[in-house]
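Read the structure below first, then the notes.
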Amino acid sequence: MDKRIDYAKHFIDDIDIKNIVSSLKNNPLSNGPSIDLFEKKISKSFKCKYTSVVSSGTAALHLIGKALEWKENDLIITTPLTFVATSNSIIYSGAKPYFIDINNDTFTINLNILEDKIKKLDRKKKKVKTVIGVDYAGHPCDWIGLKYLSNKYEFSLVNDNCHALGSKINNDIGYASKYADMVSHSYHASKTITSGEGGAVLTNSKILDKKIKTFRNHGLNRDLKKHWVYKMDDIGFNYRMTDFQAALGVSQLKKLEKFVKWQRKCAKIYNKIFNNNELYSRPIEFNKYKHSYHFYPLQIKKIKNLIDKNNFMSHLVSKNIFLQSHYTPILSYDYYKNRYNYPIKSYPNTFNFFIREVSLPTYAYIEDEKIERIYNTINNYLT
């Protein structure tokens, strides 16, 4: 049988390993100097004032909700086409997640539907507190439009930027913190750069950054003159990153541009080979956006329902190709159905997209023969 192909694979080189070993040998494992260095490098790379690294992208979203003071009965809106961490972070705070359907072009939150929803809530004297935009697969949301709506209706903005490290709007890699009040990163092993597990919160607000740094450390603040004296004014969590993870992050961040260039190269190849418009629908990159292609979301037009999809994915597995489909719509999970019972018919774009979507790998240095094998296997199955 041919070698296994996975949808994601991290790339670690000798420099990464050297950084990790150096940290393990020379630095404190917790609260070491690599933490501060990684935070400064992230801030510089993504043009924001403040960064706090944490233990995961999920932790980043949880802390963002606490910093923005989400609470019971608050209206927090996001898209159903995302990983569960996005909406789960809303529930952690006691609030209820509200979902807005996606666009059919970028697969990100639909601003027309969003504004209609806000207007309906306004008429009921209900006010949206925060909107979380998800830069799906690496294509940015319409953040200029979202910023306009946030100013008009006075809600805060959060960018779930975990797929979009290296993406740009108007050639600006710092767009995320430019338009959103707070930004979450994930450095999971499947992401463009990795620290194994890990994440970060980016912001231009000194007040919000201070909250994040306190909440990630149990809610404790240490007296700068008396290091043995602590203060605690609010509850927090142990969401700290280790020093050796940060050391790996520093090394990986240096390769971000190279990794994104590779991902875009893979997307260009997929665009060329999956050119049969009767069989496939390819992702679009709009002019002012630079798509980082964390993965390549291909739609298979012949797939009409979940039975078709399961048969298709099972066929790939039989050929030792283990791709993914991003994502199962949040509101179709049993937990969300049983607790909230969202009307699935209100999200046709999300469900139609999910039925047909398969995520093709774009990870660094994937071999040409693997890309060719993926294409041949899919094309032969359909024709």
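The values are calculated or read from the model by the stated rules, or taken from the named source; none is laboratory data. What you are looking at is a predicted structure, and each value in this text was computed from that prediction instead of being measured. Every residue, glycine among them, receives a Cβ derived from its backbone with ideal geometry; neighbour counts consider all protein chains shown.
Within the stretch 249-288, can you find the residues that are basic (Lys, Arg) and over 30 Å from Lys44 (Cβ atoms)? Reasoning before the result, please.
If we filter the stretch 249-288 for residues that are basic (Lys, Arg), which is where we start, we get 254-255, 258, 261, 264-265, 268, 272, 282, 288.
Listed by number, the residues that qualify are Lys272, Arg282.
Restricting the stretch 328-360 to residues that are among the charged types (D, E, K, R) and over 23 Å from the mean Cα position of the chain (by Cα), which is nearest to Tyr7 (Cα to Cα)?
Lys337
With the structure loaded, tell me whether Val183 is more than 28 Å from Ser23 (Cβ to Cβ) and either free of Cβ contacts under 8 Å to residues at least 60 places away in the same chain or crowded, with 24+ Cβ neighbours inside 10 Å (or both) or whether it fails that test.
No; evaluated as a whole, the condition is false for this residue.
Mind telling me which of the residues Ser314, Ser292, Ser325 ends up being over 25 Å from Ala364 (Cα atoms) and either within 20 Å of the chain's Cα centre (by Cα) or without any contact (Cβ under 8 Å) to a residue 40 or more places away in the chain (or both)?
Values: Ser292 fails: over 25 Å from Ala364 (Cα atoms); Ser325 fails: over 25 Å from Ala364 (Cα atoms).
Of the residues listed, the single one that is over 25 Å from Ala364 (Cα atoms) and either within 20 Å of the chain's Cα centre (by Cα) or without any contact (Cβ under 8 Å) to a residue 40 or more places away in the chain (or both) is Ser314.
Which members of the stretch 177-203 meet the condition of being farther than 16 Å from Lys41 by Cα and over 12 Å from the mean Cα position of the chain (by Cα)?
Within the stretch 177-203, Lys178, Tyr179, Ala180, Asp181, Met182, Ala189, Gly196, Glu197 qualify.
Please go through the stretch 135-166 and give me each residue that is in contact (Cβ under 8 Å) with a residue 24 or more places away in the chain, over 23 Å from Ala246 (Cβ atoms) and surrounded by fewer than 24 Cβ atoms within 10 Å (Cβ to Cβ), ordered by number.
If the condition is that a residue be in contact (Cβ under 8 Å) with a residue 24 or more places away in the chain, over 23 Å from Ala246 (Cβ atoms) and surrounded by fewer than 24 Cβ atoms within 10 Å (Cβ to Cβ), then Asp142, Trp143, Ile144, Gly145, Leu146, Lys147, Leu149, Tyr153, Glu154, Phe155, Ser156, Leu157 are the ones that fit.
Mind checking which residues of the stretch 118-152 are among the basic types (Lys, Arg) and within 30 Å of Tyr296 (Cα to Cα)? Steps first, answer last, please.
If we filter the stretch 118-152 for residues that are among the basic types (Lys, Arg), which is where we start, we get 119-120, 123-127, 129, 147, 152.
The answer is Lys147, and nothing else.
For the stretch 172-258, give me every one of the strands (runs of 3 or more DSSP E) that falls completely inside it and has 3 or more residues that are aliphatic (A, V, I, L, M) and in contact with a strand residue (DSSP E or B) (Cβ under 9 Å, 6 or more places away or on another chain).
Working: elements: 182-186, 199-203, 220-222, 230-232.
By residue number, 199-203.
Scan (1) in a strand (DSSP E or B); (2) out of contact with any helix residue (DSSP H, G or I) (no Cβ under 8 Å at 6 or more places or on another chain) for the single condition Asn275 breaks and write down its number.
The number of the failed condition is (1).
Against the condition under 12 Å from Lys66 (Cα atoms), in contact (Cβ under 8 Å) with a residue 12 or more places away in the chain, in the same structural domain as Ser156 (by TED's automatic domain parsing) and not β-branched (Val, Ile, Thr), how does Lys211 come out, does it pass? Explain how you work it out, then say what you get.
Working: under 12 Å from Lys66 (Cα atoms): yes; in contact (Cβ under 8 Å) with a residue 12 or more places away in the chain: yes; in the same structural domain as Ser156 (by TED's automatic domain parsing): yes; not β-branched (Val, Ile, Thr): yes.
Against the criterion (under 12 Å from Lys66 (Cα atoms), in contact (Cβ under 8 Å) with a residue 12 or more places away in the chain, in the same structural domain as Ser156 (by TED's automatic domain parsing) and not β-branched (Val, Ile, Thr)), Lys211 qualifies.
Would you mind stating whether Asp368 is surrounded by fewer than 19 Cβ atoms within 10 Å (Cβ to Cβ), more than 25 Å from the chain's Cα centre (by Cα) and charged (D, E, K, R)?
Details: surrounded by fewer than 19 Cβ atoms within 10 Å (Cβ to Cβ): yes; more than 25 Å from the chain's Cα centre (by Cα): yes; charged (D, E, K, R): yes.
Yes: the conditions hold for Asp368.
Identify the single condition in (1) over 15 Å from Ser30 (Cα atoms); (2) under 19 Å from the mean Cα position of the chain (by Cα) that Lys206 does not satisfy, given that it satisfies every other one.
The failed condition is (2).
State yes or no: is Asn320 at pLDDT below 95, on the phi > 0 side of the Ramachandran plot and surrounded by fewer than 16 Cβ atoms within 10 Å (Cβ to Cβ)?
Working: at pLDDT below 95: no; on the phi > 0 side of the Ramachandran plot: yes; surrounded by fewer than 16 Cβ atoms within 10 Å (Cβ to Cβ): yes.
Spelling it out, it is not the case that Asn320 is at pLDDT below 95, on the phi > 0 side of the Ramachandran plot and surrounded by fewer than 16 Cβ atoms within 10 Å (Cβ to Cβ).
More than 28 Å from Gly198 (Cα to Cα), charged (D, E, K, R) and out of contact with any helix residue (DSSP H, G or I) (no Cβ under 9 Å at 6 or more places or on another chain): which single residue out of Lys152, Lys125 fits that description? Lay out the reasoning, then the answer.
Details: Lys152 fails: out of contact with any helix residue (DSSP H, G or I) (no Cβ under 9 Å at 6 or more places or on another chain).
Result: Lys125 is the single residue among Lys152, Lys125 that is more than 28 Å from Gly198 (Cα to Cα), charged (D, E, K, R) and out of contact with any helix residue (DSSP H, G or I) (no Cβ under 9 Å at 6 or more places or on another chain).
Looking only at residues in the stretch 103-134 that are loosely packed, with under 14 Cβ neighbours inside 10 Å and either free of Cβ contacts under 8 Å to residues at least 12 places away in the same chain or not in a loop (DSSP other than H, G, I, E, B) (or both), which one is nearest to the chain's Cα centre (by Cα)?
Going through the qualifying residues, I end up with Asn112.
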